[in-house]
Amino acid sequence: MLGIQSVDHVGLRISDKDRSVAFYQTLGFKLITDAGFENGHPIILIHPSGVVFNLLGPATESQGENILMDVAEKHPGYTHVALKLESVEDAERFLEDNGIAVTGRRAFEGVKALFIRDPDRNVIELVGPGLTVADRIGDP
């Protein structure tokens, strides 16, 4: 078995550096460094929870539709990142107060989730407290 300890970071392709950094800062991420965005190197952001995002770009195609989530054809690739929440209700108020649209909702076995999109339509799932997916898999 490969000795994986945790997720180190998530890389997201973006088109507009300033708009995306502002969006993720609204979610509580802190800008660590811009390692050369214009040359294809990441902008590194960290959240107090320890989650690290690398914003990569600049994107060379329009930001209209998310090729993995918004078109009828289903392309392979990462579709979203899921972040665990302390409270779905608090998150919903925060999103509303900050003008961030909830683009989807789901409830499964008592756990609620909200879906949002960043400025480039990358999907972020916000998962409420309760059992994790891994916990549920082991539960008959």
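The values are calculated or read from the model by the stated rules, or taken from the named source; none is laboratory data. Predicted model, so just to flag it, every value in this text is computed and none were measured. In this analysis, Cβ positions are derived from the backbone assuming ideal geometry, glycine residues included, and neighbour counts consider all displayed protein chains.
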**OP:** Check off (1) hydrophobic (A, V, I, L, M, F, W, C); (2) more than 16 Å from the chain's Cα centre (by Cα); (3) at pLDDT 95 or above for Ala72 and give me the number that stays unchecked.
**Re:** (3)
Original post:
Out of all the residues in the stretch 41-51, which are crowded, with 17+ Cβ neighbours inside 10 Å and farther than 18 Å from Arg19 by Cα?
Top reply: Val51
**OP:** State all residues of the stretch 3-27 that are in a helix (DSSP H, G or I), among the hydrophobic types (A, V, I, L, M, F, W, C) and farther than 14 Å from Arg117 by Cβ; if no residue qualifies, say none.
**Re:** Val21, Ala22
Original post:
Can Glu73 be described as charged (D, E, K, R) and touching a residue at least 12 places away in the same chain (Cβ under 8 Å)?
Top reply: no
**OP:** Identify all residues within the stretch 77-90 that are assigned to a helix (DSSP H, G or I) and farther than 14 Å from Val111 by Cα; write none if there are none.
**Re:** Asp90
Subject >> Scope the stretch 37-60; condition among the polar types (S, T, N, Q) and assigned to a loop (DSSP other than H, G, I, E, B); matching residues >> reply: Ser49, Thr60
Subject >> One residue from Asn54, Asn66 being surrounded by 11 or more Cβ atoms within 10 Å (Cβ to Cβ) and either modelled with pLDDT under 95 or on the phi > 0 side of the Ramachandran plot (or both) >> reply: Asn66
Original post:
So, of the residues in the stretch 6-40 that are exposed (fewer than 10 other Cβ atoms within 10 Å of the Cβ) and closer than 24 Å to Thr79 by Cβ, which turns out to be nearest to the chain's Cα centre (by Cα)?
Top reply: Asp8
Subject >> Subset of the stretch 85-114 [surrounded by 11 or more Cβ atoms within 10 Å (Cβ to Cβ), under 20 Å from Gln25 (Cβ atoms) and in contact with a Pro (Cβ under 8 Å, 6 or more places away or on another chain)] >> reply: Leu85
Original post:
So, in the stretch 109-120, of the ones that are in a strand (DSSP E or B) and out of contact with any helix residue (DSSP H, G or I) (no Cβ under 8 Å at 6 or more places or on another chain), which residue ends up farthest from His80 (Cα to Cα)?
Top reply: Val111
**OP:** Test each condition in (1) modelled with pLDDT of 95 or more; (2) out of contact with any helix residue (DSSP H, G or I) (no Cβ under 7 Å at 6 or more places or on another chain) for Val123 and report the one that comes out false.
**Re:** (1)
